[in-house]
Structure formats: C-alpha cells, structure tokens
Amino acid sequence: MFGKIGPFLPNIGKMRSGRGGRPGAEQALGDGSAPCYGSGMSSPARLLLVDDHAIVRQGLSALLSSSGRFAVAGEAGDAEEARAKILSGGYDAIVLDLSLKDASGLSLLRDVRAAGVSAPCIVLSMHDAALYAAKARDAGAQGYVMKDRADEELFEALDTVLAGGTCFPASAGAADGAAPGAHGLSPREEEIFLAVADGLSTKAIAERMGLSARTVDVHRANIKRKVRADTPADFLAKAMAFRRLRNGPSAAETEGI
C-alpha cells in the first residue's frame, strides 16, 4: 500500500513553498490558451477525487488546495460512491484512480461517459503509462499521470484539461494509434498476459492457444520487457493488474481475499 500512497505525503510541503515561481497555466500550456479558472474567475476549479485509500485522498487534497487554484469539492472511495457523485454533477474535473477496490476505474469512466458526463477526467495511477495510458484515453479520459510524478505533473495536467486539451505521455501513442498496441502489447501478447494472470504455465498456455511452448516463451519474454517486469513475482502482479483493468476485479478481490 505504501508504494501507492507514498509520493504525495512528503511533497506537500514542497508544493506549498516551492511552486510560487512556477509558470502559470498559460505558460505551461505553451499555446496561449487561458485556463478556465484562476484570475478570470471568482472561484477555483471544483474537483472530485476518486481513490480507494483515504490517506491518498487526504494527501492529494492538501497538494491541490495548496495552489489556491483548485478546490476539492468531493471525494469517493469506491466506484459506487464515485458514480453517484459524478452523475450528480457540479465538478469541473475528476481525478480518478485507475484501480479501485470494487471495479476498474476505466470501467467506471466508460459508464459515466455513456451516461453523458462530459467533465474532463485525469486518470492517476501507479501503473506503467506505456501499458495503460492509451486505454485510459480510449475509455474517455483527457489525461494520465503517474502517482510518483503527481507533485510535478498533476497541476499542469489539470491546467491543460480544464482549458480543453489533453495530457498523455508519448508512450500512449496517437489518438488513432490502435496499431499493435498503442498500450504496448499486441493482441496475442495481451491474450498470453491474461493467461499468465490466470496462473497458467507456459505449457498450459501453449495448449490453450494452439502454439508451441517455445513461441509462448518468446511472447512472455517480449511482454516482460514491455511491462518492465524484473522478477516472476513482478510479472504475475502486473499480469493480474492488467486483467483487473480489462475485466474488473475478480470475485476474490471484491471480497477482499
């Protein structure tokens, strides 16, 4: 857990004392676009924070409020609560955790977009942008920020999306880049990665997919390189996170087992 929440807490003081000389939104955007809040408005932008850890929400709230440009107008700790608050309206932007305890954040985002919600959304995640940023964009997000870079990038990302732009890392690819994996994996690699999440061995994957064990091993090696998995345990953890993103949490995860 602490790997997920750590980045925010030590940086709050730095944000309060060290950002005064940082360029404003107009400079950060680089195109002369004025943000839709700030000196031209009487109140800061109203944000909804969605994360399943209260301490993360507290850290984010302090971080964002320190600028005076944003007001955290609502918080939610699970998908059901978040859906109700998003559909009630009243938020200028949403900051959404990729993985919630009861659902994929992207599944939630697809649902509220289908319901007609248009407020810009930034997905905040501890997961590799090369693997997930394009999926966030395809689900209807306007930006993707890694949690360990939130103190450096979240302000500018919010400036950008509130001004009508998008903010994704280069690894997300072009908006129309459905090419083998704007998210990093080919369709075949995705299928094998999901099989790894199911706990299948190379032999079992080969039998399921009608491939040779050698071919599966080559795909596994490519996947490990793309998702930057250094150990078997890391590889399995990332495979399970990928399955959760695609399909939502398993029954065991939902029950907290």
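How many residues does the stretch 201-227 hold that are assigned to a helix (DSSP H, G or I), under 17 Å from P187 (Cα atoms) and of a type outside the set (A, V, I, L, M, F, W, C)?
9
Restricting to the stretch 41-73, what's the tally of residues that are assigned to a strand (DSSP E or B) and surrounded by 18 or more Cβ atoms within 10 Å (Cβ to Cβ)?
The total comes to 7.
Please identify the pairs in which a residue from the stretch 157-178 that is not assigned by TED's automatic domain parsing to the domain that holds S67 has its Cβ atom under 7 Å from the Cβ atom of a residue that is of a type outside the set (A, V, I, L, M) and modelled with pLDDT under 80, counting only partners at least 6 apart or on another chain.
none
Scanning the stretch 149-184 for residues that are more than 25 Å from L47 (Cβ to Cβ) and surrounded by 22 or more Cβ atoms within 10 Å (Cβ to Cβ), which turns out modelled with the highest pLDDT? Even if it seems obvious, please write down each step before you answer.
Let us first name the residues in the stretch 149-184 that are more than 25 Å from L47 (Cβ to Cβ), namely 170-171, 173-174, 176-184.
Next, only the ones that are surrounded by 22 or more Cβ atoms within 10 Å (Cβ to Cβ) stay: 183-184.
Numbers: H183: 46, G184: 64.
By that ranking, first place goes to G184.
Look through the stretch 98-135, keep the residues that are in a helix (DSSP H, G or I) and among the hydroxyl-bearing types (S, T, Y), and return whichever of them is nearest to F168 (Cα to Cα). Steps first, please.
In the first step, residues of the stretch 98-135 are kept if they are in a helix (DSSP H, G or I); the result is 105-114, 129-135.
Going one step further and asking which of them are among the hydroxyl-bearing types (S, T, Y), we end up with 107, 132.
Values: S107: 19, Y132: 11 Å.
The extreme case among them is Y132.
Based on what the data block shows, is L87 in contact (Cβ under 8 Å) with a residue 12 or more places away in the chain and either in contact with a strand residue (DSSP E or B) (Cβ under 6 Å, 6 or more places away or on another chain) or more than 18 Å from S61 (Cβ to Cβ) (or both)?
yes
The values are calculated or read from the model by the stated rules, or taken from the named source; none is laboratory data. Worth saying up front: this structure is predicted, and the values here are computed from it rather than measured. Cβ coordinates were reconstructed from backbone atoms using ideal geometry, including for glycine residues, and neighbour counts include every protein chain displayed.
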